């Protein structure tokens, strides 16, 4: 599987906004986008005329990078969303939010989505009482995500719990911090997703 190994802060600068790829660092004065809020490279400061296609492409790339999804998989989500009932853009974001690695991040068990993905792959969590190690697994309403007692002393988990107060817990999730347990109360709706995303641009791009 392809992996991005270059500095993550360059992605935020390229997309013109914080993608929160480095967890707590993004909330401090060390954030690269706060210090240099312009695109990387020699001509990063130059004003550029943005076409409709460029705006659509940048929005798609931004969402891909926020959730850490490669192009082929992202397009697969779009196809499923377009075949489902309801608004395509909202369905797309709902599926991305329901990814297991994103739910782990939203519950505060990880400081970033990339860290959440690593924890999931290492089999740290159980889903409905069974071990689950697939980051792309889509959770459903009523699913229970939990950290077994034997793994609750992992330092990363304790540190990440402090981030929930800073980021906020979405209304479609519920957490019992003392029991290291999270519950998907309902499927996420568009109004539950506060990340600044214009999903209509993505729909327009793939509909061409």
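The values are calculated or read from the model by the stated rules, or taken from the named source; none is laboratory data. Just so you know, these numbers come straight off a predicted model, no measurement behind them. Please note: Cβ atoms are built from the backbone with ideal geometry, for glycine as well, and neighbour counts cover all protein chains shown.
Looking at the range 105-114, is at least one residue under 19 Å from residue 187 (Cβ atoms), crowded, with 23+ Cβ neighbours inside 10 Å and free of Cβ contacts under 8 Å to residues at least 40 places away in the same chain? Yes, the range 105-114 contains a residue that is under 19 Å from residue 187 (Cβ atoms), crowded, with 23+ Cβ neighbours inside 10 Å and free of Cβ contacts under 8 Å to residues at least 40 places away in the same chain. Is it true that residue 120 is under 19 Å from residue 197 (Cβ atoms), crowded, with 18+ Cβ neighbours inside 10 Å and either modelled with pLDDT of 95 or more or not assigned by TED's automatic domain parsing to the domain that holds residue 201 (or both)? Here the answer is no, as residue 120 does not meet what is asked.
What's the total number of residues in the range 179-195 that are within 17 Å of residue 126 (Cβ to Cβ) and not in a strand (DSSP E or B)? Total satisfying the criteria: 2.
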